[in-house]
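Working notes, beginning with the structure itself.
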Amino acid sequence: MGKVLGIFLLLLTVCVVTAVCNPQFLDAYNLENIVRRSSLFGIISIGVAFVIITGGIDLSIGSVVGLVGCITLVLLGAHEQGGREWHWALVLPTVLAISMAIGAVHGLLITKLGLQPFVVTLCGLLVYRGVGRWIADDQTVGFGADYHDPLYDLTNTPIPIPGTDFSMPTAFVVLAILTVAAIVFLRRTVWGRHIFAIGSNERAARYAGVNTHRTKILAYVICSGLAGVAGMLFAFEYKAIQPANHGNFYELYAIAAAVLGGCSLRGGEGSVLGVVIGAATMRVIYNAINLFGIPTQLEFAIIGTVILLGVSADEFVRRHLARRRGLADST
């Protein structure tokens, strides 16, 4: 809870400072964009948190988002590519199945062949990017200006908030549902407890009767599955995708949000709520950079510095509390 409170205070501080320095931050249009992008990145951040809690890593998330986006747009807008358009009710389960299958492959390679998660997912990053470019023939794919179907319209129709000029993006509703589901899964089910147990001490978890291989595979399936959900939402958000760069660095944003939100790269620690707040903090910082007119070339440098300071402060507090507990126990 302390880590969640810390990242929430950081988010609140950045929001207040940005709003005071530039009142445009509080414009309804700007806030809607922040909420929408925070929700999309929050979804993939929740997914990567499952893997990080087990002590693993997934570097392929951005490429999975790009691949899923290409597949979604090609299937739904295939009439523009000279093919036959798929019905959205077929596209949705097909894309989800593909993304979850990717996670299953990652998990099997890591558990059954004993390959390192870093190597497996780094190779995945390259493979899925290449496949996406091949599917789209390395051309920009997108919907026509007059394209409509129930799924597309639903995801692009914000929910108005009575009495205000603000509308709640559909992506936020999806994030809220996934956040509650993830919290219940990790904290209230035996599978969630197994995920934490593996991250804390995999050998001890195995001796305790936990099927560590199956649990790890499940974590990677969830991670890629949520990347697939976000990939579809990103595709509907942008309406057009360039397969060579769509989703680039998304995995870094997701991992940074998870770490900033309290997930330990050593495994065994993590809070879904903290991860969601971490993703929001990342997007608010990005928005503040634009509002302050800071050169975009410094974007990654500033975000990286803020993350480093936040994680360093968290580690300092953790060590300080550990020393205090040690002194208390010795007395």
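The values are calculated or read from the model by the stated rules, or taken from the named source; none is laboratory data. Since the structure is predicted, the reported quantities are computational estimates derived from the model, not experimental observations. With ideal geometry, Cβ positions are generated from the backbone for all residues, glycine too; neighbour counts draw on all protein chains shown.
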Test: L151 is of a type in the set (A, V, I, L, M), over 24 Å from F249 (Cβ atoms) and in contact with a Phe, Trp or Tyr (Cβ under 6 Å, 6 or more places away or on another chain): yes
Find the residue count for segment 258-276, including only residues that are of a type in the set (A, V, I, L, M, F, W, C), more than 20 Å from G124 (Cβ to Cβ) and crowded, with 24+ Cβ neighbours inside 10 Å. 5
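Scan segment 16-37 and tell me whether some residue there is surrounded by 24 or more Cβ atoms within 10 Å (Cβ to Cβ) and part of a helix (DSSP H, G or I). Steps first, answer last, please.
Filtering segment 16-37 for residues surrounded by 24 or more Cβ atoms within 10 Å (Cβ to Cβ) gives none.
There is no residue in segment 16-37 that is surrounded by 24 or more Cβ atoms within 10 Å (Cβ to Cβ) and part of a helix (DSSP H, G or I).
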Suppose we filter segment 179-190 for residues that are under 21 Å from the mean Cα position of the chain (by Cα) and surrounded by fewer than 18 Cβ atoms within 10 Å (Cβ to Cβ); how many remain? 6
Scan segment 228-241 residue by residue and report those that are at pLDDT below 90 and either buried (at least 24 other Cβ atoms within 10 Å of the Cβ) or not in a helix (DSSP H, G or I) (or both). A235, K239, A240, I241
Residue satisfying condition, being farther than 26 Å from G124 by Cβ, small (G, A, S) and in a helix (DSSP H, G or I), within set A181, A176: A176
Quick check on segment 90-131: of everything there that is β-branched (V, I, T) and within 15 Å of T72 (Cβ to Cβ), which residue is surrounded by the fewest Cβ atoms within 10 Å (Cβ to Cβ)? T94
Hey, can you tell me all the residues within segment 269-300 that are closer than 16 Å to N22 by Cβ and of a type in the set (A, V, I, L, M)? V284, I285, A288, I289, L291, I294
Could you tell me whether Y207 is under 17 Å from G55 (Cβ atoms) and out of contact with any Cys (no Cβ under 8 Å at 6 or more places or on another chain)? yes
Complete set of residues in segment 167-207 that are touching a strand residue (DSSP E or B) at 6+ places or on another chain (Cβ under 8 Å) and farther than 21 Å from G47 by Cβ: S167, M168
Might you let me know whether segment 215-226 holds any residue that is farther than 30 Å from V190 by Cα, among the hydrophobic types (A, V, I, L, M, F, W, C) and over 16 Å from the mean Cα position of the chain (by Cα)? no
Segment 38-64: number of residues that are assigned to a helix (DSSP H, G or I) and either over 29 Å from A197 (Cα atoms) or small (G, A, S) (or both): 8
All positions within segment 269-285 that are in contact with a Lys or Arg (Cβ under 8 Å, 6 or more places away or on another chain) and either among the aromatic types (F, W, Y) or not in a helix (DSSP H, G or I) (or both): S271
Pull up segment 89-148, narrow it to residues that are in a loop (DSSP other than H, G, I, E, B) and aromatic (F, W, Y), then point me to the one that is nearest to R214 (Cα to Cα). F143
